[in-house]
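One structure below.
The values are calculated or read from the model by the stated rules, or taken from the named source; none is laboratory data. Bear in mind that the values here come from a model prediction, so they are computed numbers and not experimental data. Here the Cβ positions follow ideal geometry from the backbone for every residue, glycine too, while neighbour counts run over all protein chains shown. Heavy atoms of the whole protein, side chains included, go into the accessibility calculation; ligands, DNA and RNA do not. Shrake-Rupley method; radii C 1.70, N 1.55, O 1.52, S 1.80 Å.
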Amino acid sequence: MKFKAKPAFFPYLLWITLFVIAPIGLILYYSLLDINGDFTLVNYKNFFTSAYLTMTLTSFWYALLITFFTLLIAYPTAYLLTKTKHKHLWLMLIIIPSWINLLLKTYAFIGIFGLYGPVNAIMEILGFDPTQILFTDFSFVFVAVYIFIPFMIIPIFNALDKMNPSLIYAARDLGASPLTTFRRVIFPLTIEGVKSGIQVTFIPALSLFMITRLIAGNKVITLGTAIEQQFLVAQNWGMGSTIAVFLILIMFVIMAFTRKKKKGGRAKNANKANTSS
């Protein structure tokens, strides 16, 4: 059986080698080169200067805001979806906008938030003066939250949908309030879905660059923006790769903190009992 299973593993191993290990190896290699192609560690030294550390903290702050507001909207939405009659149809309608190209959606928001867009038109009808919504922190966070909402809803919806409803009924029968039921029953049982949603939101939010350019007007500088500028503008592949190395390390740390915990359960206790006997 082991001999038959090994050939099926080769395509997976080849894929991982070519598209995961090799690119990371190239990034590590280029991070050790200066702009002239000579070996150096100055890129790592430069990363710990105040400019890059401030940029890293800014990236974390915006990623945290985006993740928080996305979770704040996605969790109640996913919960309400599980209560609807055609829940999978409604879920599909929420997912469909994520199939549209990101660049097209970004340009659509440029028109919506523009000085002569529908948002300002409504504000004029209400008696307010037109204001520039584009190129602000609000527009950047708003568009990013809109883009990531489907990716946060899906894992939370799956966790809620798999939850045994009899547990909620039991909590209510025991006199638990709706808030207590959510805090002690519903949320702990769906925490793995929340963790998955945080992974697919927080990690990409750290490396956003196209939205920062088109929506925020480069007023928001993230790690992704810095990588793009180093590669395409400054032509300093070494510094761009160094920032990418630290971004990869940050991603691994986040994945480690939000990974699914192994369950002990009865099986583990049974194994211990068998071992001791």
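Using the Cα coordinates of the range 1-109, the gyration tensor eigenvalues translate into equivalent-ellipsoid semi-axes of 38, 30, 15 Å, sorted from longest to shortest. GNM on the chain, alpha-carbon springs under 10 angstrom: the most fluctuating residue among MET210, MET255, MET123 is MET123. Which FRET efficiency value, to the nearest 0.05, do you get for LEU103 and ALA51 by plugging their Cβ-Cβ distance into 1/(1 + (r/R0)^6) with R0 = 35 Å? With a Förster radius of 35 Å, E is 0.75. The Cα-based radius of gyration and maximum Cα-Cα distance (Dmax) for the chain are 23.7, 81 Å. Over the chain, accessible surface divided per residue gives 64 Å², non-protein components excluded, 1.4 Å probe. Select from LEU232, LEU126, LEU167 the residue whose mean-square fluctuation is largest in a Gaussian network model of the chain (Cα-Cα springs shorter than 10 Å). Comparing LEU232, LEU126, LEU167 in a Gaussian network model of the chain, the most mobile one is LEU126. Summary of the geometry: the range 172-228 and the range 71-94, compared by the centres of their Cα atoms, lie 16 Å apart. The 3J(HN,Hα) values that the Karplus relation (6.51, -1.76, 1.60; θ = phi - 60°) gives for the range 221-231 are, in residue order, 10, 10, 4, x, 5, 5, 4, 4, 5, 5, 7 Hz. Gly and Pro appear as x. Were the residues from PHE135 through THR180 laid out at 0.36 nm apart, the gain over their Cα-Cα distance would be 12.0 nm. From most to least packed by mean Cβ count within 10 Å, the peptides 57-70, 25-38, 89-102 give 57-70, 25-38, 89-102.
Computed from the C-beta positions of LYS85 and ILE16 and an R0 of 45 Å, the FRET efficiency is 0.60 to the nearest 0.05. Summarising the amide proton neighbourhood of LEU33: residues at separation of 5 or more, or on other chains, whose placed amide H is nearer than 5 Å comprise THR40.
Here VAL119 sits with roughly 40 square angstrom of accessible surface, probe radius 1.4 Å. Please work out how much length the chain gains when fully extended from MET92 to ILE110, using 0.36 nm per residue of separation minus the C-alpha to C-alpha distance, in nm with one decimal. Here the segment from MET92 to ILE110 would lengthen by 3.9 nm.
Take each uninterrupted DSSP H stretch in the chain, measure its Cα extent along the helix axis, and return the ones at 20 Å or beyond whose mean Kyte-Doolittle hydropathy is at least 1.0. Length and hydropathy pass: 50-83, 137-162, 237-257.
Ligands, DNA and RNA left out, the 1.4 Å accessible surface of the range 1-115 is 78% carbon and sulfur atoms.
Across the range 168-268, the fraction of Cα-Cα pairs farther apart than 23 Å, rounded to a whole number, is 52%.
Give me the one-decimal nm value for the distance between modelled label points at SER166 and TYR44, 7 Å along each residue's Cα-to-Cβ direction. So the two model labels end up 5.7 nm from each other.
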